[in-house]
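**Student:** My questions all concern the structure below.
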Amino acid sequence: MFGKDTNEGNLDKLKVGNTFSLFKTTWEILEIGQYDWRMDNSSIEYTIKSSGKEAFLEVEFHKGKYEVTYSESIFIEEAFLVDAIQTKQILFDNKLFELDETYNGDYKNLTTHSSRESLDCYLFYAEDEELLTIEKWNDGSYEAFLGKELKAKKIKNIKS
């Protein structure tokens, strides 16, 4: 751990306007949100943008190390999302994703200072470790994201 990129120690403390390199691209942080998973853990979610593309970087400090997930918003009909939660699997982009973890908690946008919103979060994994996340919000709406878990060291050149 010592002698490595010092950026790794600050992944949950980035600010709006910070930039970093990921996938050979420079990303800028647009917004910051926080999930409270009600199990003595929380995660920070950065809304990030690079050359017109928007994505999300979720960072959780767990058991002494960072767990990092990169994802992009995808559209799946609500009926398919409801069915996926019930059957514990979903076929997307010719890949079978199976439910592995479920969390409930709440979310607050720290940039816009929104009120807290409750949600249930369902993590579905494919054989190639790709991750499909379904979020069911307290107001009955659904969102879906496709992404993957990353090693913290993939995030480089953090600048304010």
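**Student:** If I go through the range 114-160 residue by residue, how many of them are of a type in the set (Asp, Glu) and part of a loop (DSSP other than H, G, I, E, B)? Can you show your working first?
**Tutor:** Applying the first criterion (of a type in the set (Asp, Glu)) to the range 114-160 yields 117, 120, 127-130, 135, 139, 143, 149.
In the following step, the residues that additionally are part of a loop (DSSP other than H, G, I, E, B) were identified as 127-130, 139.
Matching residues across the range 114-160 total 5.
**Student:** Examine the range 106-115 for a residue that is of a type outside the set (Phe, Trp, Tyr), at pLDDT 95 or above and closer than 20 Å to LEU22 by Cα, and state whether such a residue exists.
**Tutor:** No: the range 106-115 contains no residue that is of a type outside the set (Phe, Trp, Tyr), at pLDDT 95 or above and closer than 20 Å to LEU22 by Cα.
**Student:** Follow-up. Any chance you could count how many residues in the range 73-85 are more than 19 Å from the chain's Cα centre (by Cα) and not in a helix (DSSP H, G or I)?
**Tutor:** 1
**Student:** Kindly list the number of the only condition in (1) out of contact with any Asp or Glu (no Cβ under 8 Å at 6 or more places or on another chain); (2) at pLDDT below 95; (3) of a type outside the set (A, V, I, L, M) that fails for GLU130.
**Tutor:** All conditions are met except number (2).
**Student:** To continue, here is another question. Of all residues in the range 86-108, how many are in a strand (DSSP E or B), among the basic types (Lys, Arg) and over 18 Å from LEU57 (Cα atoms)?
**Tutor:** The initial filter retains those residues of the range 86-108 that are in a strand (DSSP E or B), namely 89-92, 95-108.
Those still in the list that are among the basic types (Lys, Arg) too: 95, 108.
Filter once more, keeping what is over 18 Å from LEU57 (Cα atoms): 95.
Residues flagged as in a strand (DSSP E or B), among the basic types (Lys, Arg) and over 18 Å from LEU57 (Cα atoms) within the range 86-108 amount to 1.
**Student:** For THR111, all conditions in the list (1) assigned to a strand (DSSP E or B); (2) touching a residue at least 60 places away in the same chain (Cβ under 8 Å) hold save one; what is the number of the exception?
**Tutor:** (1)
**Student:** On to the next question. Could you count how many residues in the range 120-143 are within 11 Å of the chain's Cα centre (by Cα), among the aliphatic types (A, V, I, L, M) and farther than 14 Å from GLN86 by Cα?
**Tutor:** 2
**Student:** While we're looking at this one, here's another question. Kindly indicate whether any position in the range 30-38 is more than 22 Å from THR133 (Cα to Cα), surrounded by 12 or more Cβ atoms within 10 Å (Cβ to Cβ), touching a residue at least 60 places away in the same chain (Cβ under 8 Å) and polar (S, T, N, Q).
**Tutor:** Taking the range 30-38 as the starting set, the residues that turn out to be more than 22 Å from THR133 (Cα to Cα) are none.
The answer is no, given that none of the residues of the range 30-38 is more than 22 Å from THR133 (Cα to Cα), surrounded by 12 or more Cβ atoms within 10 Å (Cβ to Cβ), touching a residue at least 60 places away in the same chain (Cβ under 8 Å) and polar (S, T, N, Q).
**Student:** Mind checking which residues of the range 62-86 are surrounded by 10 or more Cβ atoms within 10 Å (Cβ to Cβ) and either in contact with a helix residue (DSSP H, G or I) (Cβ under 7 Å, 6 or more places away or on another chain) or among the basic types (Lys, Arg) (or both)?
**Tutor:** Of everything in the range 62-86, those that are surrounded by 10 or more Cβ atoms within 10 Å (Cβ to Cβ) and either in contact with a helix residue (DSSP H, G or I) (Cβ under 7 Å, 6 or more places away or on another chain) or among the basic types (Lys, Arg) (or both) turn out to be LYS65, TYR66, VAL68.
**Student:** Take the range 24-58 and flag every residue that is assigned to a loop (DSSP other than H, G, I, E, B) and either closer than 18 Å to LYS151 by Cβ or under 15 Å from the mean Cα position of the chain (by Cα) (or both).
**Tutor:** LYS24, TRP37, ASN41
The values are calculated or read from the model by the stated rules, or taken from the named source; none is laboratory data. Predicted, not measured: the structure shown is a model, and the values here were computed from it. Please note: Cβ atoms are built from the backbone with ideal geometry, for glycine as well, and neighbour counts cover all protein chains shown.
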